[in-house]
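Worksheet: one structure, shown below.
The values are calculated or read from the model by the stated rules, or taken from the named source; none is laboratory data. Since we're looking at a predicted model, the values are computed, not measured. We place every Cβ from the backbone using ideal geometry, glycine too, and count neighbours over all the protein chains shown.
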Amino acid sequence: MSTPVVFIHGLWIHSVSWQPWQELFASKGYEPLAPGWPGDGDTVALTRADPGAVAGPGVEDITEAYAKIVADLGEPPIVIGHSFGGLIAQKLLDRGLARAVVAISPAPIKGIRALPFSLLRSSFPVLSRPANKRGAVSLTEKQFRYSFGNALPAEESAQLYERLAIPGPGRPLFEASSANFTRDAPTTVDTSRGDRGPLLLIANGKDHTVPAVVVRGAHRLYEASSARTDLMTYQDRGHSAPFDHGWRQVADDTLTWLARR
């Protein structure tokens, strides 16, 4: 029986971004699926046409939606997530719902204290307006260029924006930004657990949205666990790493890690 692999996208990116990964993993004998967040349309165009549908869900709501999907699979899958999808993947691993997790530029879990300027600037389109906590927010092409495409040629960044960018709920960013001051914050993960599956954290050296120092901070938190936690860094990549022209290197390295673990 093929091992299921669940791909979880991050904020402002449609699940179609995982299509090349799904095709690659299927060719290697895995059974991939990439469901969207609550409210996402089946396509980028449909999601953009009804931004109100994605408004409201927070980290726990999104986690619960994926937990139900995972439960229907009949066995714990491998989970691969990007950005907030990487945070959700870690929460599923913490709950014992994933056999292994790969988190690419994962949004910060509670306990990470690094706040680089680029992270704050990338979050500003949402956090600058308190009303965004209950609404949906779309990035402009210029904002996308800074947050996702800064390590790419301008033309490729524009193409990715047109092909993949969607509105997203503001609430997860508010929850992540206040986590260290909130008891039982939705971004809380028990990093000391020793009875979980292996975890690979992937950092990108030119990432503005989740700078490498944030991912290294997560790796340090997991040092309290006896379970396997690995860290991989691509020094010249940005936040678009899993879906830009260099996606195949990240995917191949992920497959190699999974085979070893």
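Do any strands (runs of 3 or more DSSP E) lying entirely in region 31-130 carry at least 1 residues that are closer than 23 Å to A227 by Cβ and out of contact with any Asp or Glu (no Cβ under 7 Å at 6 or more places or on another chain), and which ones are they? If you could, list the steps in order and put the result at the bottom.
Details: elements: 31-33, 78-82, 100-104.
In region 31-130, the matching strands (runs of 3 or more DSSP E) lie at 78-82, 100-104.
For the condition within 30 Å of P77 (Cα to Cα) and without any contact (Cβ under 8 Å) to a residue 60 or more places away in the chain, what is the one hit in L92, L127, L115?
Details: L127 fails: within 30 Å of P77 (Cα to Cα); L115 fails: within 30 Å of P77 (Cα to Cα).
Within the list L92, L127, L115, the selection yields L92.
Going by the structure shown, is V250 of a type outside the set (S, T, Y), within 15 Å of the chain's Cα centre (by Cα) and part of a helix (DSSP H, G or I)?
On the way: of a type outside the set (S, T, Y): yes; within 15 Å of the chain's Cα centre (by Cα): yes; part of a helix (DSSP H, G or I): yes.
Judged against the criteria, V250 is a match.
For region 227-245, name all the residues that are assigned to a loop (DSSP other than H, G, I, E, B) and over 15 Å from L164 (Cβ atoms). First the steps, then the outcome.
Within region 227-245, the first condition is being assigned to a loop (DSSP other than H, G, I, E, B), and the residues that meet it are 227-228, 235-245.
Matches in region 227-245: A227, R228, Q235, D236, R237.
Of the conditions (1) touching a residue at least 24 places away in the same chain (Cβ under 8 Å); (2) under 22 Å from A241 (Cβ atoms), P153 clears all except one; give me its number.
Evaluating P153 over (1) touching a residue at least 24 places away in the same chain (Cβ under 8 Å); (2) under 22 Å from A241 (Cβ atoms) leaves (1) as the failure.
Taking the stated definitions as given, is V214 crowded, with 19+ Cβ neighbours inside 10 Å, farther than 23 Å from R113 by Cα and touching a residue at least 24 places away in the same chain (Cβ under 8 Å)?
On the way: crowded, with 19+ Cβ neighbours inside 10 Å: yes; farther than 23 Å from R113 by Cα: no; touching a residue at least 24 places away in the same chain (Cβ under 8 Å): yes.
No: the conditions fail for V214.
Do you know which of the residues in region 19-65 that are out of contact with any helix residue (DSSP H, G or I) (no Cβ under 8 Å at 6 or more places or on another chain) and touching a residue at least 60 places away in the same chain (Cβ under 8 Å) is nearest to I80 (Cα to Cα)?
For region 19-65, the residue satisfying everything is E60.
Each row is one residue, and each column tells you yes or no for (1) under 19 Å from N204 (Cβ atoms); (2) modelled with pLDDT of 90 or more; (3) surrounded by 15 or more Cβ atoms within 10 Å (Cβ to Cβ).
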residue: L127; (1), (2), (3): no, no, yes
residue: A136; (1), (2), (3): no, yes, yes
residue: L139; (1), (2), (3): yes, yes, yes
residue: S147; (1), (2), (3): yes, yes, yes
residue: P153; (1), (2), (3): yes, yes, no
residue: S157; (1), (2), (3): yes, yes, yes
